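Each value in this text was obtained by applying a stated rule to the coordinates, not by laboratory testing. Computed from a predicted structure; not experimentally measured. Heads up, the Cβs are rebuilt from the backbone with ideal geometry, glycines too, and the neighbour counts pull from every protein chain shown.
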Amino acid sequence: MTPEEKKVFMDKIHAFVGMEMAPPTKGPDDVNKAMIRHWCEVMGDANPVYTDEAFAKASSKGSIIAPPAMLQAWSLEGYPMHSPSKDEALLDNQRKLHKVFDDHGYTGVLGTNCTQEYFRDLKPGDQVIAHTVIDSISEEKATQRGIGHFIETVTRFTDQNGEKVGEMRFRVLKFIPNESNKVESAKDEGKPEVPTRIASPRGHDNAWWWQQVDKGVVPIQRCKNCQTLRHPPRSMCGECQSIEWDFIESKLEGEVFSFVELHYPKFPGYQYPLICAVISLGEGTRIVSNIVGCKPEDVKIGMKVKGKVEQVDEKTMLPQFYPA
Amino acid sequence: MSNTKTVAYKAVQVGDKLPPLEIPITSSLIVGGAIASRDFTPVHHDRAAAQAGGLPDVFMNILTSNGLMGRYVTDWAGPDATVKKIDIKLGAPNLPGFVMTITGEVKAKDDATGIVDVAVVGENNVWGMHMMGTVRVALPKEA
Ligand SMILES: [Zn+2]
């Protein structure tokens, strides 16, 4: 989009802020035992106040209640949602807003946040009336999925007496899908791709090191002028400033200099428990690697370790260290 | 198995951990959850529609995640607990074949109201964090 086109687009989407998605709409069914039971069956929710009449009556609830998380379910349109009208004039304002995004390349949609508050328990016979307003649209954000805008809606739920029974804030990201993401995830049809470790960054000064690891060798760079070893790889010797170098192969014998156990957040593609350690190698340099083959609580500073290059996932060769 | 005992407010301490719950994610659960929540958006029951959106298969809808988070906390809290709020941040999708493990920890207590905030995380074994958030429940003072 040119800056002018962008401005027209921004004006178009901001015109939706404050609009109601549709007039207040009564859910197609009153709160009822059958739909509650169907929900509990799928969720594996055995809470007796949802389905056991006698128990519920004797409990503090006084009668059967609906699972609070069903709040929005009472208001959804149901089966017609599978094919929204092709006639633009019949679309609700939220769909019209999404269409403006779609028409400008923001075809991706992703729910990111949902906050529901429940002001009272709903019981069979209650009616639920939902009223959704488009509350805000964020500035453009760069996200992992692609560039997009967050749209936040607020839905107020009332009952047959006009009393508020709940409220929901819902945030979706409308985004221009990153092509790379799309190809990656959909390439093996029907099978989710198993994530691998974050790929090693291979630059001008260190790609050669990783290429050796790919062949099963852990090299240590050596100055051709003064024979000083160095790691991680870099272009110049810190002792004599020579830029001439070769390398030796490490025997991968050493001891734990320091270590940490990573608990949280867990990264897809990594096996837990996960120990990251600095290893002092017999050759005199240090290397960052993982300790495997023992329990985290058995790792000690000074512990003797022996390493080998292993394939840790579909794409990654890495030195891994075991207790010696 | 239904839990018929309610946890008393005074028996709960900040830092208490809830027992973890493993949920195998199947096409049946995804489609069943979507239909039970009246959410007929095609990506939750039609694999071709999900693939057109860049995912390899149908994926769990938000109402099901909500329902499982609520269930997880009331499984622990018991039938006389009242859920006041479910606040979820959504992460990686749940797809058939994954296993989601839900864990929880009591993060805050309010003596005046008997309200307890439980931090809940649902992580799947392939793509990591599916949902994380807070479930707020009111507990009876004494059970
Ligand atoms: Zn040198």
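From most to least packed by mean Cβ count within 10 Å, the peptides B:72-81, A:288-297 give B:72-81, A:288-297. Pairwise Cα distances in chain B exceed 24 Å for 34 percent of all pairs.
Seen from every direction in turn and averaged, the convex hull around the alpha carbons of segment A:56-111 projects onto 6.0 nm². Between A:Lys300 and A:Asn161, the modelled label-to-label distance comes to 7.0 nm, taking each label 7 Å out from Cα in the direction of the beta carbon. Within the shell of other residues whose beta carbon sits under 9 angstrom from the beta carbon of B:Tyr9, the net charge comes to +1, with Lys and Arg scored +1 and Asp and Glu -1.
In a fully extended conformation the segment linking A:Lys86 and A:Cys276 would gain 62.9 nm over its present Cα-Cα distance, using 0.36 nm per residue. Would you mind checking the tilt of helix A:33-43 against the longest principal axis of the Cα atoms of chain A, expressed as 0 to 90 degrees and rounded to 10? Between helix and principal axis, roughly 10 degrees. Sorted from greatest to least, the principal axis extents spanned by the alpha carbons of segment B:66-140 come out as 42, 20, 15 Å. With each label modelled as a point 7 angstrom along the Cα→C-beta vector, the A:Val154-A:His263 pair spans 3.8 nm. Counting every C-alpha pair in segment A:252-324, the share spaced more than 20 angstrom apart comes to 26%. When only alpha carbons of segment A:200-324 are considered, Rg and Dmax amount to 15.2, 45 Å. Approximating the spin labels as points 7 Å out from Cα along Cα→Cβ, the A:Ile248-to-A:Val194 distance works out to 3.8 nm.
Scaling against 2.2 N^0.38 Å puts the C-alpha radius of gyration of chain A at 1.50. Mean sequence separation of contacting Cα pairs (under 8 Å, at least six apart), scaled by the length of segment A:204-249, corresponds to a relative contact order of 38 percent. For chain A, with a Gaussian network of springs between Cα atoms less than 10 Å apart, report the residue from A:Asp92, A:Asp45, A:Asp30 with the top mean-square fluctuation. Answer for the Gaussian network model of chain A: A:Asp45. Note on chain A: GNM, Cα springs under 10 Å; of A:Arg156, A:Arg145, A:Arg120, the largest mean-square fluctuation is that of A:Arg120. Averaging over all projection directions, the Cα-based convex hull of segment A:204-249 occupies 2.8 nm² in the image plane. Mean per-residue shielding of peptide A:112-120 is 6, counting Cβ atoms of other chains within 10 Å of each Cβ. Straight-line reach from A:Lys266: which aspartates and glutamates have a Cα under 15 Å away, not including same-chain ones fewer than 8 places off? Within reach: B:Glu123.
When you look at the Cβ of every residue in A:75-88, what mean number of other chain Cβ atoms sits within 10 Å?
Averaged over the peptide's residues, the number is 3.
Note the full-extension length gain between A:His131 and A:Phe119 as 0.36 nm times their separation in residues minus their Cα-Cα distance, in nm to one decimal.
Value of the extension gain: 2.7 nm.
Note on B:27-37: average number of Cβ atoms from other chains within 10 Å of each residue's Cβ is 4.
Legend: calculated FRET efficiency, B:Ala138 to A:Thr228, from the Cβ-Cβ distance at R0 = 60 Å, rounded to 0.05, equals 0.35.
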